[in-house]
Amino acid sequence: MLILAFSADDAWACPRFVEFFPDPTDVPDQQGEFVEIRLEKNEVGNVFAPESISVLADGKKSLKVPYPRVERLVLVHDSAYCPKTGTACGLLGGISLPNSREISWVLEAGSCRDSVTLAVPKAGKSFQRVKFSDEWILAEPSFGFGNPFYEEGVSDCGIERLDAEFLGKGAWSLRFVLSGCDSTWLKYDLQDLYSGKGRSDSVLVRRGFTLDSVAGEAIWIRGRVSPDEVAFNDSLDTLIFMPGKSPLVLSEIHHCPNEPEPEWVEVYNRSEALLPLDKIRFCDRGGPWSGFLESDGSLVFTKDTAGLRNYLGFRDVKLFQTPLGYLNNSGGSLGICYGDKVLDSAYWDKTLVTCPSGLNPLTGRPENTPGYQGNRNETLRKKKFSYKISSRVVQKGRSSLLVLVECESQIPLKLLDSMGRVRWKTTVPANQSTWMKIPTDSLDVGVAYVSIAEGKAETLIGILVRP
């Protein structure tokens, strides 16, 4: 029950509970649960300010915090998890939010009092107050900012959605749609993930804004408007791509390795951009990832990083721990999701691969190269060069080896002996169409290799040195 107080000169509303989040699902309760209190302003813009706010839980556990000069107060267990929205933060101390029973709360500030009895919570949902009533509903958490769907008097001008229409021939039509207002300034950034090119601008949007003929096979789109009381729609950060052109793909799945090797999955960034991973996850398995994956980079996921590292015996593979669950030995599927959008998916059964071999989903062949892309993965990445070689057989000291490499950017060219040791190297300039002579005098009779690098991946061309 909410009790309102009034003065003779101007009216003001008492502080009140507006949201409780007792049972988070992606993090431990002590990190994610919170209590949110709305602090009202009076008609002349001053925050009603007694000395402190007292909160009582279950009639026995209480805390007292100084009354902040802001419009919203969030109570958490650890100051490291305080919101970064300009909202005030206080500590719950010894008060915990039970997730399997009812709980009663009382708030007192000066002559104001608000009392609430909450039902048994639902995992992942918060209790949200409906306007000024005593009605509470289950909703998505809105940690540290106003919820315009249920709270009154919340200032909101945000980006409701982005409508992306593929026009064909590598072109898109993009429309930014506003919510809560008719016009505002919008800043946007577009990055073509395969060409590496980008574009930025700031425009005055009235109801909506459309960009036509935006080119790109995969585009990262960021938009932002001026911050207000509703933070979740002040910015937009999303990815669009043509069918089959996802920048992130499943490049290797080991669903039934030999014991004690743990199961693992490899993903590969075949774009020209550094990809943020915080919105990407395995579909229906575990939570979102974190960090970034560089262009042409691979990342290996497993439930047991220490066990896999120990089994592999070398440390230059990038590992990420995630609750993968169990991958079915006889047949199954796995997908990578960006929100609700599927970036890539793979299926396996006994006709494709037999245990304990791993599977490259794009080639359909067995593979065991954790963290690297082998020669069979040419279909996996957009090729950056083409090459020709004069011969695969050379006579030591008597015949020359000529190689023509055509590339858009400079890349390393090396001559390796049968043990993989570098015997000669150079850098091929960009946009060159000239045959290059590779000296073979340093090689012993037998097998050797010409190496052409593509970032972390490497194409090896085998040659035979005869006496």
- [ ] Would you mention how many residues in region 385-435 are of a type in the set (S, T, N, Q) and under 27 Å from Gly196 (Cα atoms)?
- [x] 9
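Considering each residue of region 317-338, count those that are assigned to a loop (DSSP other than H, G, I, E, B) and open to solvent by 40 Å² or more (accessible area, probe 1.4 Å), and give that number.
6
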Task: Spans of strands (runs of 3 or more DSSP E) in region 54-116 with at least 2 residues free of Cβ contacts under 8 Å to residues at least 24 places away in the same chain and surrounded by fewer than 17 Cβ atoms within 10 Å (Cβ to Cβ) - done: 61-66
TODO: Mind counting the residues in region 132-189 that are open to solvent by 50 Å² or more (accessible area, probe 1.4 Å) and of a type in the set (Gly, Ala, Ser)?
DONE: 4
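Which residue is nearest to the chain's Cα centre (by Cα), if the candidates are limited to region 144-156 and must be farther than 9 Å from Ala231 by Cβ and not hydroxyl-bearing (Ser, Thr, Tyr)?
Asn147
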- [ ] Please indicate, with yes or no, whether at least one residue in region 248-260 is assigned to a loop (DSSP other than H, G, I, E, B) and under 17 Å from the mean Cα position of the chain (by Cα).
- [x] no
Open item on the list: Of everything in region 266-297, what is open to solvent by less than 10 Å² (accessible area, probe 1.4 Å) and over 24 Å from Glu367 (Cβ atoms)? Give them in sequence order.
Closed with: Ala273
Open item on the list: I need every pair where a residue in region 307-333 that is in contact (Cβ under 8 Å) with a residue 24 or more places away in the chain and under 12 Å from Pro262 (Cβ atoms) has its Cβ under 7 Å from the Cβ of a residue that is assigned to a loop (DSSP other than H, G, I, E, B) and open to solvent by 80 Å² or more (accessible area, probe 1.4 Å), sequence separation at least 6 or different chains.
Closed with: Gly307/Pro260; Tyr311/Pro260
TODO: Have a look at Pro243, Pro227 and point out the one that is closer than 30 Å to Ser333 by Cβ and at pLDDT below 90.
DONE: Pro243
- [ ] State which residue pairs qualify: first residue hydroxyl-bearing (Ser, Thr, Tyr) and inside region 231-254, second residue part of a loop (DSSP other than H, G, I, E, B) in any location, beta carbons under 6 Å apart, and separation of 6 or more residues or different chains.
- [x] none
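For region 165-224, which residues satisfy the criterion of being polar (S, T, N, Q) and either more than 26 Å from Glu408 (Cβ to Cβ) or part of a strand (DSSP E or B) (or both)?
Pass one, region 165-224, residues polar (S, T, N, Q): 173, 179, 183-184, 191, 195, 200, 202, 210, 213.
Those that are polar (S, T, N, Q) and either more than 26 Å from Glu408 (Cβ to Cβ) or part of a strand (DSSP E or B) (or both): Ser173, Ser179, Ser183, Thr184, Gln191, Ser200, Ser202, Thr210, Ser213.
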Task: Residue count for region 299-309, restricted to those that are small (Gly, Ala, Ser) and open to solvent by less than 10 Å² (accessible area, probe 1.4 Å) - done: 0
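The values are calculated or read from the model by the stated rules, or taken from the named source; none is laboratory data. All figures in this text were calculated on a predicted structure; none of them were measured in a lab. Counting neighbours? That spans all protein chains shown, and the Cβs are built from the backbone with ideal geometry, glycine included. In case anyone asks, the SASA skips ligands and DNA or RNA and just uses the protein heavy atoms, side chains included. Shrake-Rupley method; radii C 1.70, N 1.55, O 1.52, S 1.80 Å.
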